[in-house]
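The values are calculated or read from the model by the stated rules, or taken from the named source; none is laboratory data. Small disclaimer: the values here were computed from a predicted structure and weren't measured. All Cβ positions, glycine included, derive from the backbone under ideal geometry; neighbour counts span all protein chains shown.
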Amino acid sequence: MGESVAPLKPRSPLIRASALALWAAVLLKSSVDGRLDLLLRATFHPLVLVAGLGLLAIAVLQAVLGWRQAEPGDRAGNRRDRRMALITAAIAALVLALPPTPSFADLAQQRPSDDTATDSLSFTLPPAQRSLTDWVRLLRSQPDPELFKGDPVRISGFVLPVPGQQPQIARLLVRCCLADATPVGLPVRWPTSGPAPKADQWLAIEGRMAVEGKQLVVVPQRIRAIPRPARPLEP
């Protein structure tokens, strides 16, 4: 009698289950460690958590079914599946070990500027309480710079290099995530003494508005470096 052939170990389903579990861990970890605040509007954070739990459930089901069932006989197809699952798992492991830290300045330079002139505005806020985004929207709806000359300014944002001009103080607006992010910024009359502002550096600026040419610029009276806000994206 010929030797009996041992059944194939169900490696491919288990490797696929491991890859799914790793990606589930990426989503779940991102939901609790604040990383999503750099990538996605807070409104959509629960969807990421639900997706992570769903992937984890699918991974467990895949592992259980794979352990009970032998692999089909297409060895070449099984090898391809294992290879792709291993690559996917390796990418997920890298994302877990080395979480991305996007550069807002680099992203803003690659995106078109935002048109917020038709957005609704709150004119009840006094000038010193307006955010950078409030100022941008206000200036686009009321483009006469003389109306705001001398108004106090207290804003924060990141330094955005502008080709052929002085860097601006800017923010990123998102409707969903970084994929649709658009930059908004204000020109600043930077001090001539001291170090030049560095791209992507977060600053808080207190000062007043002034008119230069036909545009309004921020004239700082106090500039201080600040850490990147926990939620740097604005709707």
Self-check item: Index of the failed condition, Ala117 passing every other in (1) modelled with pLDDT of 85 or more; (2) among the hydrophobic types (A, V, I, L, M, F, W, C); (3) more than 18 Å from the chain's Cα centre (by Cα)
Solution: (1)
Quiz prompt | Unique residue being closer than 30 Å to Leu40 by Cβ and not hydroxyl-bearing (Ser, Thr, Tyr) when the list is Leu216, Leu186 | solution = Leu186
Quiz prompt | Criterion violated by Leu172 - all others in (1) touching a helix residue (DSSP H, G or I) at 6+ places or on another chain (Cβ under 7 Å); (2) surrounded by fewer than 17 Cβ atoms within 10 Å (Cβ to Cβ) satisfied | solution = (2)
Quiz item: What residue, of Leu53, Leu49, is modelled with pLDDT of 90 or more, surrounded by fewer than 17 Cβ atoms within 10 Å (Cβ to Cβ) and under 26 Å from Phe104 (Cα atoms)?
Solution: Leu49
Practice problem: Considering every residue within the stretch 210-221, establish whether at least one is part of a strand (DSSP E or B), of a type in the set (S, T, N, Q) and without any contact (Cβ under 8 Å) to a residue 40 or more places away in the chain. | Solution: yes
Quiz item: Here are some conditions: (1) farther than 15 Å from Gly150 by Cβ; (2) surrounded by 11 or more Cβ atoms within 10 Å (Cβ to Cβ). Leu216 meets all but one. Which one does it not meet?
Solution: (1)
Quiz prompt | Near pairs, Cβ below 9 angstrom, 6+ apart or cross-chain, from the stretch 79-106 (closer than 22 Å to Leu178 by Cα) to any residue that is small (Gly, Ala, Ser) and assigned to a loop (DSSP other than H, G, I, E, B) | solution = Ser103/Ala199; Phe104/Ala181; Ala105/Ala199; Asp106/Ala199
Quiz prompt | Options Ser4, Ser31, Ser18; residue that is polar (S, T, N, Q), within 26 Å of Thr101 (Cβ to Cβ) and either at pLDDT 80 or above or not assigned by TED's automatic domain parsing to the domain that holds Val95 (or both) | solution = Ser31
Quiz item: How about the stretch 149-169: which of its residues are surrounded by fewer than 19 Cβ atoms within 10 Å (Cβ to Cβ) and more than 20 Å from Asp37 (Cβ to Cβ)?
Solution: Lys149, Gly150, Asp151, Pro152, Arg154, Pro161, Val162, Pro163, Gly164, Gln165, Gln166
Quiz item: Identify, please: which residue in the stretch 9-43 is exposed (fewer than 15 other Cβ atoms within 10 Å of the Cβ) and hydrophobic (A, V, I, L, M, F, W, C) and is, among those, farthest from Leu86 (Cα to Cα)?
Solution: Ala42
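Matching residues to (1) in contact with a strand residue (DSSP E or B) (Cβ under 8 Å, 6 or more places away or on another chain); (2) among the polar types (S, T, N, Q):
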| residue | (1), (2) |
| --- | --- |
| Ser156 | yes, yes |
| Gly164 | no, no |
| Val219 | yes, no |
| Pro232 | yes, no |
Practice problem: Determine whether the stretch 70-91 contains at least one residue that is assigned to a loop (DSSP other than H, G, I, E, B), at pLDDT 90 or above, exposed (fewer than 12 other Cβ atoms within 10 Å of the Cβ) and not hydroxyl-bearing (Ser, Thr, Tyr). | Solution: no
